[in-house]
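Reviewing the structure listed below.
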Amino acid sequence: MMLPQIAFFFLSAVTLISAVMVITRRNAVHSIIWLIVTLFSVGGIFLTLHAEFLFAVQVILYVGGIMVLFLFVVMLVNLDVALKQAQFNRQWQVALVTALVLMAELGYGIYRGHQGFTLAQVTATPMSGGNTQAVGLALYQDYMLAVEIASVLLLVAMVGAVIMAKRKIE
Amino acid sequence: MATGSNMPLLLLAILAKVGVVLLVLLTTIAYAVWLERKVVARIQSRWGPYLVGPHGLLQPVADALKIFFKEDIVPTEVDRVVYCLAPFLAFSLALLSISVIPFGESVTIGGATIHFQITDLNVGLLFVFAVTSLGVYGVALAGWSSNSKYSLLGGLRSSAQMISYELSLGLGVVGVVMLAGSLSLREIVEHQSGLWNVFVQPVGFLIYFTAAVAETNRVPFDLPEGESELVGGFHTEYSSFKFAMFFMAEYANIVTVSCLATLLFFGGWLGPVFGPPLLRALLPVFWFCLKVFCFLFLYIWIRGTLPRFRYDQLMAFGWKFLLPLGLLNVLVTSLVLAWRST
């Protein structure tokens, strides 16, 4: 096996195992730590595909930004109360049906489209100009309008959240 | 690229380089503490450390020995795994960012080219920001896992502060990146061969440096360890070597931030180069170290001079002044660049 493949399987294994850990931990802070590991190893997979820019952005935004805010909220949760509550609600019949349906759908999709569904090829050399430039051109030239609409939407959501949290406006 | 035959040699060279850089960094951290005690003492007309070695020069060694042999207390109610993970995270992440810092130009000795840098990433600057943005976990997790109200409040405070000032820190350097057209630290330095960025981007530099002082939790932004309110802040419950790791992480971060300020705004290793080949090869490294030393001194000078902010002042300053100023700087820089290119 080649080194990139070993790296891919290792990172995928870490991603999946840590994702399972996220939903099985009783302590919310531990869940967050495992989610950080998950996001980090996804970033690692980007790195094996020579997407250094995506890796850096994944780490800065998700791991360094969003997850810190998660941690912030969870740190203030009273864990003694959380430990006494039931970890799982008793709805496993519904969950089982949902999971089976989803699995069937995915299996069907892969079965029907497995010729068109190939793993991304690792490019031997990074493209000219680096992928920073490639991402920049795609975002701000090819898909400029979509990016702008998305950012305005996010801004509206942010302002709305601030207004709702403030309750009384002076 | 390396061929199969010299692979072990290459690996050895990389390991040697990592070893040397780590050794120099750790020594710098140890003596930065000594320098700080000496300079602050001079500002307050005291002598500072004087007894261990001439002018207290062996004081860092004595400190290290003492901290090694102290009892390592783990309070009973802490979350053990996270409690031990936090100082390790803080320290290792602080050391990691030095790996992409270039110290000088590449030199060729006996046919072998030596880069004064552990690894040259084409997104080097982003890498440093990614690693420093992770540094907040050490602080936040330490505060939470200690299971003590002082630690928790200290951890919350400093993580809020670090998130807030990270934005300004990033915005401060956007101007530099736009000028150089690259995220590689080496290319950013080479772009400054005519004029240092500090003259082109004075506002950007001020934003960067202010945010950097806040990001490293130093005076006047050292709210997380405001002794009169929070005892020791997030590391109240830590002792012995775990405490030392937080302490060293803080100084390693200061060194990284100083290196970055030198590279981004003060031309890195650029400076007058003259004399025989060996001197020619080593002078850039010397200029780099000199500039970094000036920043370390500035840090200590600020600590000895300024009083601490109040917490609301700190947040208001970060969000209402520094951030808009950073945005304005980016806007003006891009307008000038666009105007020049047409």
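The values are calculated or read from the model by the stated rules, or taken from the named source; none is laboratory data. For clarity, every value in this text was computed on a predicted model and none was experimentally measured. Cβ coordinates were reconstructed from backbone atoms using ideal geometry, including for glycine residues, and neighbour counts include every protein chain displayed.
When B:Ile114 is tested against the conditions (1) in contact with an Asp or Glu (Cβ under 6 Å, 6 or more places away or on another chain); (2) surrounded by fewer than 19 Cβ atoms within 10 Å (Cβ to Cβ), the lone failure is (1). Scanning the stretch B:138-150 for residues that are within 11 Å of another protein chain (Cβ to nearest Cβ) and either over 16 Å from A:Ile36 (Cβ atoms) or in a loop (DSSP other than H, G, I, E, B) (or both) yields a total of 2.
Of everything in the stretch B:58-68, what is surrounded by fewer than 14 Cβ atoms within 10 Å (Cβ to Cβ) and either assigned to a loop (DSSP other than H, G, I, E, B) or not charged (D, E, K, R) (or both)? Give them in sequence order.
Here is the first cut: in the stretch B:58-68, the ones surrounded by fewer than 14 Cβ atoms within 10 Å (Cβ to Cβ) are B:61, B:65-66, B:68.
B:Val61, B:Leu65, B:Phe68, listed by residue number.
In the stretch B:115-133, the residues that are over 16 Å from B:Val189 (Cα atoms) form Cβ pairs under 6 Å with partners that are part of a loop (DSSP other than H, G, I, E, B) and among the hydrophobic types (A, V, I, L, M, F, W, C), at six or more places apart or across chains, as follows: B:Phe127/B:Leu121. Sort out which residues of the stretch B:149-177 are closer than 30 Å to B:Gly268 by Cβ and aromatic (Phe, Trp, Tyr), and write them in order of number. Within the stretch B:149-177, just B:Tyr165 meets the criteria. Checked against the criterion of being surrounded by fewer than 19 Cβ atoms within 10 Å (Cβ to Cβ) and either touching a Lys or Arg at 6+ places or on another chain (Cβ under 8 Å) or closer than 29 Å to B:Trp34 by Cα (or both), the stretch B:310-319 has at least one qualifying residue. Take B:Pro49 and tell me if it is at pLDDT 80 or above, under 15 Å from the mean Cα position of the chain (by Cα) and not in a helix (DSSP H, G or I). Against the criterion (at pLDDT 80 or above, under 15 Å from the mean Cα position of the chain (by Cα) and not in a helix (DSSP H, G or I)), B:Pro49 does not qualify.
Count of the stretch B:181-205 residues, restricted to those that are without any contact (Cβ under 8 Å) to a residue 12 or more places away in the chain and part of a helix (DSSP H, G or I), is 4.
Could you say whether any residue in the stretch B:97-104 is in contact with a Leu (Cβ under 6 Å, 6 or more places away or on another chain), surrounded by 13 or more Cβ atoms within 10 Å (Cβ to Cβ) and among the aliphatic types (A, V, I, L, M)? So far as the stretch B:97-104 goes, yes, one or more of its residues are in contact with a Leu (Cβ under 6 Å, 6 or more places away or on another chain), surrounded by 13 or more Cβ atoms within 10 Å (Cβ to Cβ) and among the aliphatic types (A, V, I, L, M). Filtered by the rule that a residue be within 14 Å of chain A (Cβ to nearest Cβ) and in contact with a Gly (Cβ under 9 Å, 6 or more places away or on another chain), the stretch B:53-89 gives B:Leu85, B:Ala86, B:Phe88, B:Leu89.
Condition (residue is in contact (Cβ under 8 Å) with a residue 12 or more places away in the chain, exposed (fewer than 13 other Cβ atoms within 10 Å of the Cβ), in a loop (DSSP other than H, G, I, E, B) and not aromatic (Phe, Trp, Tyr)) applied to the stretch B:328-342: is it met by at least one residue? No, the conditions are met nowhere in the stretch B:328-342.
Within the stretch B:127-137, being over 14 Å from A:Met75 (Cβ atoms) and either small (Gly, Ala, Ser) or at the interface with another protein chain (Cβ under 9 Å from one of its Cβ atoms) (or both) holds for B:Phe127, B:Phe129, B:Ala130, B:Val131, B:Thr132, B:Ser133, B:Leu134, B:Gly135. Any residue that is under 23 Å from the mean Cα position of the chain (by Cα), surrounded by 10 or more Cβ atoms within 10 Å (Cβ to Cβ) and modelled with pLDDT of 85 or more - is there at least one of those in the stretch A:160-168? Looking for residues that are under 23 Å from the mean Cα position of the chain (by Cα), surrounded by 10 or more Cβ atoms within 10 Å (Cβ to Cβ) and modelled with pLDDT of 85 or more, one finds at least one in the stretch A:160-168, hence yes. Look at the stretch A:44-63: where a residue is within 8 Å of chain B (Cβ to nearest Cβ) and surrounded by 19 or more Cβ atoms within 10 Å (Cβ to Cβ) and a partner is assigned to a helix (DSSP H, G or I) and of a type in the set (Ser, Thr, Tyr), sitting 6+ places away or on another chain with Cβ atoms under 7 Å, you get A:Phe53/A:Thr132; A:Ile60/B:Ser133. Within the stretch B:282-296, identify whether any single residue is under 27 Å from B:Leu167 (Cβ atoms), in contact with a helix residue (DSSP H, G or I) (Cβ under 9 Å, 6 or more places away or on another chain) and of a type outside the set (A, V, I, L, M, F, W, C), and answer yes or no. Checked against the condition, which is being under 27 Å from B:Leu167 (Cβ atoms), in contact with a helix residue (DSSP H, G or I) (Cβ under 9 Å, 6 or more places away or on another chain) and of a type outside the set (A, V, I, L, M, F, W, C), the stretch B:282-296 yields at least one hit.
Scanning the stretch B:219-244 for residues that are of a type outside the set (Asp, Glu), under 23 Å from B:Leu134 (Cβ atoms) and either modelled with pLDDT under 80 or surrounded by 24 or more Cβ atoms within 10 Å (Cβ to Cβ) (or both) returns B:Phe221, B:Leu223, B:Pro224, B:Gly232, B:Gly233, B:Phe234, B:His235, B:Thr236, B:Tyr238. Looking only at the stretch A:21-43, residues that are part of a helix (DSSP H, G or I), surrounded by fewer than 18 Cβ atoms within 10 Å (Cβ to Cβ) and within 10 Å of another protein chain (Cβ to nearest Cβ) come to 1 in all. In summary, B:Tyr251 fulfils each of the numbered conditions (1) within 20 Å of the chain's Cα centre (by Cα); (2) without any contact (Cβ under 8 Å) to a residue 12 or more places away in the chain with the single exception of condition (2). Restricting to the stretch B:56-110, count the residues that are at pLDDT 85 or above and touching a strand residue (DSSP E or B) at 6+ places or on another chain (Cβ under 8 Å). Selection size over the stretch B:56-110: 1. When B:Val213, B:Val173 are checked against the criterion of being surrounded by 20 or more Cβ atoms within 10 Å (Cβ to Cβ) and closer than 17 Å to B:Glu250 by Cα, a single residue qualifies: B:Val213. Quick check, is B:Leu171 out of contact with any Gly (no Cβ under 9 Å at 6 or more places or on another chain) and outside any loop (DSSP other than H, G, I, E, B)? Considered against the rule, which asks whether it is out of contact with any Gly (no Cβ under 9 Å at 6 or more places or on another chain) and outside any loop (DSSP other than H, G, I, E, B), B:Leu171 comes out as no.
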